[in-house]
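To start, the structure under review is shown below, and the notes come after it.
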There are 2 protein chains.
Amino acid sequence: MDCLFCKIAQETVPASIIYKDDEFVVFKDINPKAPIHILIIPRKHIVSINHLEAEDESLIGKMFLTAKKIAKKLEIDEKGYKLVFNVGRGGGQIIDHLHLHLLAGWKNSTERNVPGMP
Amino acid sequence: MDCLFCKIAQETVPASIIYKDDEFVVFKDINPKAPIHILIIPRKHIVSINHLEAEDESLIGKMFLTAKKIAKKLEIDEKGYKLVFNVGRGGGQIIDHLHLHLLAGWKNSTERNVPGMP
């Protein structure tokens, strides 16, 4: 399958990987939208949240336990962060392999707050 | 416990509820940041992603299966949407009860795209 994120997970395409285990690979976004911008992807090829099946329930739960762990590892857990899934082109999703954006590192709320986002 | 979202889940405080089941309540955000802005909360009081325990794995997985279902119900699944957790005050979290933002309904990518967000 010609999927960029599958290739990153298989390490046939390079990325700044900061964590990996049997189910997930975590790496820096090459086009960061915040001072800290990390992507968490499952090794399993799932296109998007629209494509989740009931059998993926545990995987998604683990994805957020991984996000919590990465936030602690990066020492951004107490300062705060955002976790974002874009779903579909109209939701801003560019790569058709499920990826969770972890955004953090803003100096203050003025830098963090953007119109149109909660 | 004096928690606004617990009260909404218990229906002792009113909200524009669009869906509910044994584990989740889904309602309109009173301060929408997008044409469609919905909140999905678990009935269980979990403060934030930072406070997840291993036992919450299944609940979080179900939360995203619920988000997928709601997107279909609202007929925004094909047009696309965003799912956002803010974590901690520094991440923009205002209410200390886990809530997943579902954002959608933008006219086009110009309206959707905001600087500082993926």
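Just so it is clear, none of the values below were taken in a lab; they were calculated from the coordinates. Everything quoted here is computed from the prediction, not taken from an experiment. Backbone-built Cβ (ideal geometry, glycine too); neighbour counts: all protein chains shown.
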Exercise for the section: Find the centroid of the Cα atoms in region A:61-83 and in region B:1-62, then give the distance between the two in whole Å. Expected result: 20 Å
Practice task
Quick one: angle between helix A:57-73 and the longest Cα principal axis of chain A, in degrees between 0 and 90, rounded to 10, please.
Solution key: 40 degrees
Completion exercise
Residue by residue through region B:3-16, the couplings from Karplus 6.51 cos²θ - 1.76 cosθ + 1.60 with θ = phi - 60°, in Hz, x for Gly and Pro, are 10, 3, 6, 4, 5, 5, 5, 7, 6, 9, 10, x, 7, 7
Practice task
Taking only Cα atoms and a 10 Å spring cutoff, compute GNM fluctuations for chain A and point out the largest among A:G90, A:G80, A:G105.
Solution key: A:G90
Fill in the blank from the handout: In this structure, among A:K107/B:K72; A:K33/B:K79; A:K79/B:K33; A:K107/B:K7, pairs with alpha-carbon gaps over 32 Å are A:K107/B:K72; A:K107/B:K7
Handout entry: Loop GluC sites (Glu not before Pro), region B:44-93 (other Cβ atoms within 10 Å of the site Cβ: 14 or fewer; DSSP)
Key = B:E53, B:E75, B:E78
Practice task
Using the number of other C-beta atoms within 10 angstrom as an exposure proxy, rank B:L102, A:L65 with the fewest first.
Solution key: A:L65, B:L102
Handout entry: Per-residue [θ]222 nm for chain B (sum of -39500 (n - 2.57) over DSSP H runs n ≥ 4, rounded to 500)
Key = -6500 deg cm²/dmol
Exercise for the section: Quick one: give the max-minus-min coordinate of the C-alpha atoms of the protein assembly as shown along each principal axis, largest first, in Å. Expected result: 54, 36, 36
Completion exercise
Note, region B:81-94: 3J(HN,Hα) by Karplus (6.51, -1.76, 1.60, θ = phi - 60°), whole Hz, Gly/Pro = x, goes 7, 10, 10, 9, 9, 8, 10, x, 4, x, x, x, 7, 9
Problem - Label-to-label distance, nm, for residues given as B:K28 and B:M1 (7 Å Cα→Cβ offset) - result: 2.8 nm
Problem - Placed amide H near A:F24: partners under 5 Å, 5+ positions off or other chain - result: A:R43
Fill in the blank from the handout: If labels are modelled 7 Å from Cα along the Cβ direction, B:K28 lies from its partners in the other copies at nm distances, smallest first, of 4.3
Handout entry: A:T12 versus B:E111: modelled label distance in nm, points set 7 Å from Cα along the beta carbon direction
Key = 4.1 nm
Completion exercise
In whole percent, the Cα-Cα distances of region B:4-112 spread across 5 Å bins from 0 upward as 2, 11, 23, 25, 21, 12, 5, 1, 0
Fill in the blank from the handout: Quick calc, the protein assembly as shown, dipole around Cα centre from Cβ unit charges on Lys, Arg (+) and Asp, Glu (-), nearest 20 debye, gives 760 debye
Exercise for the section: Obtain the nm distance between the two label points defined at A:E55 and B:E55 by a simple spin-label model: each point lies 7 Å from its Cα along the Cα-to-C-beta direction. Expected result: 2.9 nm
Completion exercise
Out of A:V13, A:V47, A:V87, a Gaussian network model of chain A with alpha-carbon springs under 10 Å gives the largest mean-square fluctuation to A:V13
Handout entry: Dipole magnitude of region B:1-101 about its Cα centre (Cβ charges: Lys, Arg +1; Asp, Glu -1), debye to nearest 20
Key = 420 debye
